[in-house]
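J.: Sending over a structure as structure tokens; questions will come in a sec.
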């Protein structure tokens, strides 16, 4: 009963606040280690899919 106040719906969740915090780097980021690169790749894919970042071009700072 004491937790029922936490279960209220406050409307749909948005990603607008995330767009203010996380910015598209605009270029390909390379990690030093394989683990670094995996984290960077996952983070960038999330930014592309969720926040609408553009996919960086493999030959420079321009986009596809």
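J.: Of these, 10, 19, which one is within 13 Å of the chain's Cα centre (by Cα) and modelled with pLDDT under 90? Step through it out loud before you land on a result.
T.: Numbers: 10 fails: within 13 Å of the chain's Cα centre (by Cα).
Unique residue meeting the criteria: 19.
J.: Residues to consider are 61, 32; find the one that is modelled with pLDDT of 90 or more and part of a loop (DSSP other than H, G, I, E, B). Steps first, please.
T.: On the way: 61 fails: modelled with pLDDT of 90 or more.
Testing whether each residue is modelled with pLDDT of 90 or more and part of a loop (DSSP other than H, G, I, E, B) leaves just 32.
J.: Ok, one more. Does any residue in the range 17-29 that is closer than 17 Å to residue 49 by Cβ come within less than 6 Å, Cβ to Cβ, of a residue that is in a helix (DSSP H, G or I) six or more places away or on a different chain, and which pairs are these?
T.: 29/40
The values are calculated or read from the model by the stated rules, or taken from the named source; none is laboratory data. Since we're looking at a predicted model, the values are computed, not measured. Cβ sites come from the backbone with ideal geometry, for glycine too, and all protein chains shown count toward neighbours.
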